[in-house]
Each structure stands twice: as structure tokens, then as C-alpha cells.
Amino acid sequence: MHHDISPLCAADIQDQLQKRFAYLSGGRGQDGSPVITFPDYPAFGDVPDKEFQNVMTYLTSIPSLQDAGIGFILVIDRRQDKWTSVKASILRIAASFPANLQLVLVLRPTGFFQRTLSDLAFRFNRDDFKMKVPVIMLSSVPELHSYIDKSQLTEDLGGTLDYCHSRWLCHRTAIESFALLVKQTAQMLQAFGTELAETELPNDVQSTSSVLCAHTEKKDRAKEDMRLALDEGRSVLESIREPLARGPEQSPNQDQLDSQSTVQRLLAQLSETEAAFDEFWAKHQRKLEQCLQLRHFEQDFREVKAALDVLAQKIATFTDVGNSLAHVQHLLKDLASFEEKSSAVTQRACTLALEGERLIELKHYAVDSIRPKCHELRQLCDQFAADVGRRRGLLGRALDLHGLLEASMKWCDEGIYLLASQPVDKCQAQDGAEAALQEVEKFLETRAENKIQELSKIYQDYEPILTRDLLEHVQKVFRKQESVEEMFHRRQASLKKLAAKQTRPVQPVAPRPEAPAKSPCPSPGIRRGSEIHSSEGSVLRRGPYRRARSEVSEGRQGRGRSTGDEESLAVLRRHVMNELLDTERVYVEELLCILEGYAAEMDNPLMTHLISTGLQNKKDVLFGNMEEIYHFHNRIFLRELENYIDCPELVGRCFLERMEQFQVYEKYCQNKPRSESLWRQCSDCPFFQECQKKLDHKLSLDSYLLKPVQRITKYQLLLKEMLKYSKSCEGAEDLQEALSSILGILKAVNDSMHLIAITGYEGNLSDLGKLLMQGSFSVWTDHKKGHTKVKDLARFKPMQRHLFLHEKAVLFCKKREENGEGYEKAPSYSFKQSLNMTAVGITENVKGDTKKFEIWYNAREEVYIVQAPTPEIKAAWVSEIRKVLTSQLQACREASQHRALEQSHSLPLPAPAGTSPSKGNTKDVRKLEERKTDPLTLEGYVGPAPLPRPPEKGRGWSKTSNPPEAPEDNDGWSSAEEPVNSSDAEEEGRAGLRKLVPGKYTVTGLDEKGGPDALVLRSGDEVELVQEGDEGLWFVRNVSSGGEGWLPARNLSALLGQRGAPGCLSSPESSAGSALLSASSSCSESCAAALADLQG
């Protein structure tokens, strides 16, 4: 009977193994069965059962599972024993052997009597051994050799197998000790790694340095332990190989080989563990070093910022503009000295900003913390420099003003001195007066350089520095200047009179004639007057005519100018059209050249030997659908373009008619990365060199494979040029539409290039509808469910995500940059999450940042705060998402109207004309459109169930549903159906299906048999609505008993005192839609305006 015994080690039973009543020599049977030898051991019967069982269990656990599965061969040597001992040994082994047995070989006693007795006893007592394997009695060692080869038997059994029990025991103990050491080392490293991973990064330099030193010491100790373990393993391996090295002629037995492989495997495991630990430590050390760098940076930042704040405060106190020229010069020197002293602080700030930018370039983990601080340092330095520059500018203007004032004062003083120095007696004479007058006039000529010209101009030019004192000083100088000028003018007038006094001789005067002489010509004055009058008269007479001629002339010039402009624009249009046609013909020729000179040659048997193995059968990969593009341009597009050569302004129609066929470029561009990769692998293929030589091309094939991509981008440039010169022409609208369509194709091509790079998405991307937009954003998550710590971390640390907006879902992916060149360097996108647009809502504005908006899911159970790179990108995304939600709202609205019409047609009595469902829906739709909107959602729309069944868990009335007491006009906006007014339905005499609002109701008019789902209810019971079904049925829950089931609406009556009459909801979709109206108030007004724009 076998017992489950815990694994044993040689060290645990070393004393028992040393007795050597059984051993594993390493020999094998013919089929590879391990051989366990029971040597002649006189005290075998005295071995305790526990020791015997331990030794058997240990010996059978040493061989590999494969060898042990074959079964063990037992060799029992009892040549020197008696039959009774033989029998007892066999019975004991049969009862306690813990593994499979294949064969038992017994060397029976050699004495004649004992041999005879053993033969007879074995024949009659064979069944007593209870063994399922044969037990063979052997008379001699040569008989044993017929079952087991000599090379697999030890010397005491006549074999050649080298076996030393003490050496074997030493090796086993060393191997197991090394295995235990490897296990302990791995556990120690795992515990140390866990400790490192769970260590929180300190917030100061000293603590971070201490943690780094402590972890480094622990790492060094762990590395030393690993080194010792490796040395021990190598020592064990060497001790196993040593006997083989001494006797090369002896081949190792299987157990020795197994021991070597075991030690080698443990050494490899330890080496891998060490390598993994080194890699982990390198990352952890780098993170700690980056943390230390960050703490140094933050500490320096606080010090520098405090110093810059002090400088800013000091420069703010420098408000004095000086009261004199010397004072201003002194202030400028003080400012220069202050700037020189503060340069050390600003230089340190710039150096720290550069250090932060270096950390960002080295991909520091705290980039989001370092970058704002660098920006703040730059901003503070720039602000300080601007303040100093502004201060220097003000002092410079003050210097100019004080210089002007002092020059004016100096001029006034010199003038006063000049006037005072002129001798009065000399000025009485004419010569003296003339000399003094010259001095005065010469001095007055210098006033333009030194005087204040206009006081108002001074006020305007020097307004920033005009303090009250300085203003009074300017006015005082100006008044003094005016008084000095007045003095000079008076002196000048008096001197002129003195210089003009002189004695002149009296001359005779002829008498005046009595009458003026008649002249044949009128006097000049009269003639001039008459001419003037005549001229004025002629001007008056000719005025209208000349004005008419002028207008006609201007009209002719305008028409001529307009005609000239139109002719020049026509010339420009023809030029653009010629360029379009010429480049199109060249493009078609180049495509044909590539298809004939390269693609066709790949199928040429004469060129097969030049094609490398990697290029064979890869023509479609290399050229994509270039042939399809060529046929489109050669057979269709080029010919149609030629029809517009005489009316180039109408060429937009040609593009619009063939816009759908331009989609061939999307397929070509999607294949371009594969084509580029194949070209890089095979670009040195002799085939390409031979083809290029035949075609006499200067450029290699890859340049021509880029032609379709270049051509599709060239069209939009040519259309822009044509539109620029055709704005007033008939085809301007077509050109604009064609340009928009081409740009749309370019965007679709670009989007598709990103779309094919998405990895990890299990579904079919085409099922998500058209890709509308894609771009990279910073995303914060805020979920109602989840661990608090995770929520806090997610709130403050953004994730970099690349969003793909489809018509039916929005995908969140992680952008992964790939190494390589060209197209191989294009990023890939690892799929992370998708949100169904029918359950998505948006909040346009997030407080504190104009670049953020919210995308929330399942009634704000999941909220994603998205930060766009710019406000413009955010506005574009919000607008596009709103368009999707609005279109789905319209679809929900139309579906609800269709159902309402079907219900109205199915009523037994005709509805009055004033209560038609379509009118009611129109009214409610208008009411919906007039509401203010903040969040948009489609989650509330649920399609009608085909058969009444209990709602799924968590479905039905949402816990966020608006209660019946809620006012009708809230600030939310949903894309589900709006509740309709039920007054018309009540006027119909309840002929149609009755509509209810969520809440509690009383059962009325119900018999005792129960409802449709055997829900036992009685009239008067209080129930709660869960979900509406077909045929006017409602799934309800009994408030008192908790039972659930279906009940007709006619048997439900609203509780007294409950606001809102029954029938105020048009469908379960309405309630579910209104259930998701957000209470968010972050952008209700802006979203309302945006929605109004959409609806308008």
C-alpha cells in the first residue's frame, strides 16, 4: 500500500542513507528503467519501517518522471542470507515500495540447502508476495547479467559501473542545497523587487537621496548573494564533472547526466533571475535618479522664483523719474547697477530652465510638472527684463525731457543776459541800434533748437512720466520761455524803430492831374477782375458739361480697368488650366512608363533571373493599384479635362463628376507602407537597376512610386489657384465644392493611414461607420466606480490618447512611436477602449481651461476629460460630436413619430383632427429644440422589445431618471424622444394605449386570479413601474411583497398627491432619454447657443 509522503531532502535523511541498505547506482535496464540495488545487508530486518519508507521515497524521486514512469528494476542481493530473510525482504519491499515496479531480480542464497529450500518455498508461496510484476530468482551473477548489462551494474554485482555511495550522497546533498539556495535567492529578489515597486517617491532632496542610498546598498547585498549562489552552483557542477575528468574512458551514467543538467538548469535560472533583477533595478534606479533630479530642480525653482519675486518687487519700487537732468542720469546709473547685480539671478533662472528642458528631452517621467515651471521661469525672466527695459525707457524719456527743459532754461538765461548786456546809450545811434538788432535777431534764430515748441505735444509725448511736480516745472519753464520771447520781441521792435530814424532831404512833388488819362486798355486790376468774373462765369457755364464729361471719362476708365482686370484674370485662368493639363499628361505618361518599364517586366521570363527571392510574386504589394489609377486618368479624367480648355473656370465640374473615382487613391496610400518596406528590402536588386538603365531614368523607382501621392495633393493647389482667379465667374461655386471634396479625400486618406495602424481591436472597424475625425489628446478619467486611490491618480495624471471619432463609436488608443524611416516610422495605435455613441454625452466647456471638454458615458458613470492641443481643435471636435448626436437624435425622433403614427392608425376610434399624433410630436419636437442644452446623449434611446419580458438587471427606470415632480423645462438635452403632451390623449376618451410616468401606482379593477405572469395582486396594492412592454403592458414590482410581473396599464392608477398625471410619457424610450439629462452646468449657455446654431 502506497502512502503520500512529503518530499524529502538528502540532508534530512542523511543518516538513513548512509546505512546503504538500498542505493541508486545510476544504472539502467535495457529499456531505460532505473535500477535500485538492495545489497547484502545483514541488519535489513532491523531497519525501522519509517526509515525504510523514507529511503524508498527519496530514491524513487531522484530519476526523471519519464524514467520513473517506465518502472524500477529492483536487484535484491541475498546470496549470503537465508530463505527466511529473502522472503521477509521481498514481502517488505512489496508492501512499502512507493513507485512503479517493472522487474524484481533476486540473487538467492548460494548454499545448497538454502537454494533448494528457496526453490520449493518460492513455488508454493508465490502468491504471498502480492506483486503485479514478475519476481525472478537468480542462482548466480551471470544470470543477472542476462537481464541487466554489466556496464549498468556495480562491481559487487560483477559489473563495471563506477559508484561511490559517499560521493553520491555528497553530490545529492550539494545539489539539493544549491536548489534551495536558488529558490531562496529568487524569493529574496522578488521580495526586494516588491519593496522597490511599492516605495513611494519622497518629496524632498534629503529623503530621496537617503532612499536611493538605502536601495543601492540593498541591491549590492542582493548582487553579492547572487554571486555567492552562482559560485556555489559552479562548484557543485565541477564536483560532479571531476570523476569524469579523472577517468575519461568512463562514460557518465544517466543519474550523473541528470545531476549535471539539474545544476546547469539551476545556474541558468539564477542567471536569468539576475538579468531580470538587473533590468528592473536599472529602471528603478533611473526613476529614483530622475526623482532626485526633480527634487533638486523643484528646490532650485523655489529659490530662484523667490529671488525673482524679490527683484520684481524692487523694480516695482523704482518709480522716480527725477527732478533734474543730473538726477535722471544718477537714476540710470542706479538702474544699470541693479540690473548688473540681478543678472546672476536671471542667469541662474535661465540655466535652471535649460536644465528643465534637458530633463524633458531625456524623457523624464515628470514632464508635466517640469514644463510649466520652465515656462514660468522664462516668463518671470522675460517679465523682469521687460520691466527693466520699460524702466530704462521711462528714464530715457525723462532724460530727454529734462535735457529739453534745461536747454530751454539755458536759452532763457542767455537771452536775459544778452538783453541786459546791451548798452542803452549806444543803441540810440543808428549803427548801435542796427548792431543790437542783429544780435537780437541772431539769438532768436537759435530758439527753434532750444525752446519748447508746443505744450500740448510735450503733454502727449511725455505723458507716462509727467508727475505733478514735473508738470508744474514744465509749465514754469514754458511761461519763462514765453516771457523771454516777449521781451525779445519788444526789444526787436524798439531797435527797428531806432535803426529806421534818419534825416532825409525834401524833394519837390509834381502836381496831381485833374482827371486820369484814358487808356485803351483797362487797368490791370479791372482786367484781372473781369477776367476772374469771366473765368468764373465760364466755369459756371462749362461746369455741368465738364462734370458730365468727367463722369463719362471715369466710367470709361472704370470699364476699361474692369475689362483689363477681367482679361488679365482670364489669362491667369488659362495659365492654370494649361499647367493642369500639361502636368496631367506628364503624370499619365510617367504612370505608363512605370507600369511598362517595371511592373510588366516582373512577368517577363527573360528578367526572372534578376528578381530576388523576396521580390517574387510581390508585384501587387510594390505597385498597389497603380494600374487602376492609370486607367482612370488615361481613359476618363484626362479626356474630360481637355473639354474644359476653353472654359477653365468651369473645370470644377469635371472634378465633381469624377470625385467618387478619386477614392482609388485611398487604397494606394493604404498600401504605401507595405510598398516602402518591400522597396527598402529589395532596393539593391539587379532587376531594378536593369529596368532603370533601360528607361534611362535618373531617379530610382521609389521616386516614381511617390508620384500618385504627390499628384493627389497637387490638385488642391491648382484648384485653389483657379478659384483665386474665378471668384466672380459662373463656376466659382463648383470650384469651391471641388476643392472641398479634394481636401476631404486628402483627409480621408490621412485618416485611413492612421486607422490601419490600430492594433488590438477585436471587432471590424468598418462596422463603426465613417471615420469623422482623429487626433491626439490628453485624457483624464473620473469614474463613479473604482478604487479611490486609482480615481485620484487618474484625475491628476493625464493619459496620452489618440481618439478616433466614428459615426457609431469613439475609440481611445495609445500612440506608440515605431523606429525606422519613412513609412516605417509611422506610429501605431494600441486599442484601449471604445464608447458607443448611443450612450455618449458631451460637456463642451470645463472650468479653468478653454481647451478641455468632457465625454461622458452611461449617465456619467464614466467621465473622460479631454484636453485638445488648441481651442480651435477642441471646437472642431465638439462641433463634430454634436453633429453625430444631433443626427442620431433626429433618427430617434423620426422613429418615435413613426411609432406614434402606427399607434394612432391602430386605435379603434378615429382621433379628432386637433389631436393628431404628428402634430403632437411636432409640438414636442419644437419644445425640445427650444430648450437650453448642456450635455448631449443618446444613451436613453432604447428600441422597442419584440416580446414582453422582464428587463435585464440594472435596466428599466434609471436611478438618475427625472421624477414626475421634476419641472418640464430643465437644462439638459437628450437625443432620445421628448415626452409628449398628454392632454390630447385624454380627450380621446382613453381609446388608445395608455402612457404612464415612472413612479408608484395603485392596482384597480383586478380580479383575484392574478396578472399575465401569475403575479398575485389585489385591487389597492401599491406597485412601482419598471419597464413598458407591448400591447399596453407594464412590468411592475409589488412594493410590499417584492414580486414582479406584467400588468395592463388600464389596471394602474396614480397615487393621490403624486404630481403629474398618468400618461405624460410617450414611450419608455422617452423616460430613459430624460433619465440621462445631465445636471452639469459648466456650459449650458454655450451649448444652448451651439445647438441653436445647429438647429437653425
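May I ask you to list the residues in the stretch 367-412 that are closer than 28 Å to GLN800 by Cβ and open to solvent by less than 10 Å² (accessible area, probe 1.4 Å)? Write out each step before concluding.
Within the stretch 367-412, the subset closer than 28 Å to GLN800 by Cβ is 367-379.
Scanning the stretch 367-412 gives ILE370, CYS374, LEU377.
Taking TYR823 as meeting all but one of (1) more than 29 Å from LEU706 (Cα to Cα); (2) at pLDDT below 85; (3) not polar (S, T, N, Q), write down the number of the exception.
Only one criterion in (1) more than 29 Å from LEU706 (Cα to Cα); (2) at pLDDT below 85; (3) not polar (S, T, N, Q) is unmet by TYR823, namely (1).
Quick one: how many residues across the stretch 787-805 are open to solvent by less than 60 Å² (accessible area, probe 1.4 Å), out of contact with any Phe, Trp or Tyr (no Cβ under 6 Å at 6 or more places or on another chain) and at pLDDT below 90?
The qualifying residues number 2.
Looking only at the stretch 622-636, count every residue that is free of Cβ contacts under 8 Å to residues at least 24 places away in the same chain and either hydroxyl-bearing (Ser, Thr, Tyr) or open to solvent by less than 10 Å² (accessible area, probe 1.4 Å) (or both) and tell me the total.
The first filter runs over the stretch 622-636 and keeps only residues free of Cβ contacts under 8 Å to residues at least 24 places away in the same chain, leaving 631, 635.
Those left that are additionally either hydroxyl-bearing (Ser, Thr, Tyr) or open to solvent by less than 10 Å² (accessible area, probe 1.4 Å) (or both): none.
Total meeting the criteria: 0.
Quick grid of which residues meet (1) under 30 Å from ALA385 (Cα atoms); (2) touching a strand residue (DSSP E or B) at 6+ places or on another chain (Cβ under 6 Å); (3) free of Cβ contacts under 8 Å to residues at least 12 places away in the same chain; (4) of a type in the set (A, V, I, L, M):
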position: ALA229; (1), (2), (3), (4): no, no, no, yes
position: SER239; (1), (2), (3), (4): no, no, no, no
position: ASP255; (1), (2), (3), (4): no, yes, no, no
position: VAL263; (1), (2), (3), (4): no, no, no, yes
position: SER271; (1), (2), (3), (4): no, no, no, no
position: GLU298; (1), (2), (3), (4): yes, no, no, no
position: VAL310; (1), (2), (3), (4): yes, no, yes, yes
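In the set PRO63, PRO34, which member is within 16 Å of LEU153 (Cα to Cα) and surrounded by 14 or more Cβ atoms within 10 Å (Cβ to Cβ)? Please lay out each step first, then the result.
Details: PRO63 fails: within 16 Å of LEU153 (Cα to Cα).
Only one candidate qualifies: PRO34.
Give the residue, chosen from GLN53, GLN102, that is open to solvent by 30 Å² or more (accessible area, probe 1.4 Å) and not in a helix (DSSP H, G or I). Break it down stepwise before answering.
On the way: GLN53 fails: not in a helix (DSSP H, G or I).
It is GLN102.
Counting only residues that are among the β-branched types (Val, Ile, Thr), crowded, with 19+ Cβ neighbours inside 10 Å and either in a strand (DSSP E or B) or at pLDDT 75 or above (or both), how many does the stretch 995-1025 have? Walk me through it before giving the result.
Pass one, the stretch 995-1025, residues among the β-branched types (Val, Ile, Thr): 997, 1002-1004, 1016, 1023.
Okay, now just the ones that are also crowded, with 19+ Cβ neighbours inside 10 Å, so 997, 1003, 1023.
Those still in the list that are either in a strand (DSSP E or B) or at pLDDT 75 or above (or both) too: 1003, 1023.
Counting residues in the stretch 995-1025 that are among the β-branched types (Val, Ile, Thr), crowded, with 19+ Cβ neighbours inside 10 Å and either in a strand (DSSP E or B) or at pLDDT 75 or above (or both) gives 2.
So, in the stretch 602-650, how many residues would count as being out of contact with any Asp or Glu (no Cβ under 8 Å at 6 or more places or on another chain) and either part of a helix (DSSP H, G or I) or at positive phi (or both)? Explain how you work it out, then say what you get.
From the stretch 602-650, those out of contact with any Asp or Glu (no Cβ under 8 Å at 6 or more places or on another chain) are 602-606, 608-609, 611-618, 620-632, 634-636, 639, 642-648; that's our starting set.
Subsequent filtering for residues that are either part of a helix (DSSP H, G or I) or at positive phi (or both) retains 602-603, 605-606, 608-609, 613-615, 617, 620-624, 626-632, 634-636, 639, 642, 648.
Matching residues across the stretch 602-650 total 28.
For the stretch 307-324, which residues satisfy the criterion of being out of contact with any Ser or Thr (no Cβ under 7 Å at 6 or more places or on another chain) and open to solvent by less than 50 Å² (accessible area, probe 1.4 Å)? Outline the logic, then answer.
Of all residues in the stretch 307-324, those out of contact with any Ser or Thr (no Cβ under 7 Å at 6 or more places or on another chain) come to 307-310, 312-320, 322-324.
Matches in the stretch 307-324: ALA307, LEU308, ALA312, ILE315, GLY322, SER324.
Residue by residue through the stretch 872-887, note down the ones that are under 14 Å from ILE842 (Cα atoms) and not small (Gly, Ala, Ser). It would help to see each step written out before you state the result.
Within the stretch 872-887, the subset under 14 Å from ILE842 (Cα atoms) is 874-886.
Matches in the stretch 872-887: LYS874, TRP877, VAL878, GLU880, ILE881, ARG882, LYS883, VAL884, LEU885, THR886.
Can you find, within the stretch 759-783, the residue that is surrounded by the most Cβ atoms within 10 Å (Cβ to Cβ) among those that are touching a Leu at 6+ places or on another chain (Cβ under 7 Å) and hydrophobic (A, V, I, L, M, F, W, C)?
PHE777
Inspect the stretch 476-494 for any residue being within 14 Å of HIS402 (Cα to Cα), surrounded by 14 or more Cβ atoms within 10 Å (Cβ to Cβ), in contact with a Leu (Cβ under 7 Å, 6 or more places away or on another chain) and touching a residue at least 24 places away in the same chain (Cβ under 8 Å) and give the result as yes or no. Write out each step before concluding.
Pass one, the stretch 476-494, residues within 14 Å of HIS402 (Cα to Cα): 476-478.
Next, only the ones that are surrounded by 14 or more Cβ atoms within 10 Å (Cβ to Cβ) stay: 477-478.
In the following step, the residues that additionally are in contact with a Leu (Cβ under 7 Å, 6 or more places away or on another chain) were identified as 477-478.
This time we only want the ones that are touching a residue at least 24 places away in the same chain (Cβ under 8 Å), so: 477-478.
Yes, the conditions are met somewhere in the stretch 476-494.
Return only the number of the condition from (1) assigned to a helix (DSSP H, G or I); (2) closer than 30 Å to GLN30 by Cα that LEU270 does not satisfy.
Just one mismatch for LEU270, condition (2).
For the stretch 34-51, indicate whether the set of residues that are under 18 Å from SER166 (Cβ atoms) and of a type in the set (Gly, Ala, Ser) is non-empty.
no
Please work out which one of (1) within 18 Å of the chain's Cα centre (by Cα); (2) modelled with pLDDT of 90 or more is the condition LEU771 fails and give its number.
For LEU771, the failing item is (2).
Which residue, of LYS694, LYS714, is charged (D, E, K, R) and surrounded by fewer than 14 Cβ atoms within 10 Å (Cβ to Cβ)? So that I can check it myself, show each step before the final result.
Working: LYS714 fails: surrounded by fewer than 14 Cβ atoms within 10 Å (Cβ to Cβ).
The match here is LYS694.
Identify, please: which residue in the stretch 833-864 is in contact with a helix residue (DSSP H, G or I) (Cβ under 9 Å, 6 or more places away or on another chain) and part of a loop (DSSP other than H, G, I, E, B) and is, among those, farthest from LYS770 (Cα to Cα)?
Looking at the filtered set, the residue picked out is THR850.
The values are calculated or read from the model by the stated rules, or taken from the named source; none is laboratory data. Note that the structure is predicted; figures quoted are calculated from it, not measured. Quick reminder, even Gly has a Cβ in these numbers, built from the backbone with ideal geometry, and neighbours come from all protein chains shown. Heavy atoms of the whole protein, side chains included, go into the accessibility calculation; ligands, DNA and RNA do not. Shrake-Rupley method; radii C 1.70, N 1.55, O 1.52, S 1.80 Å.
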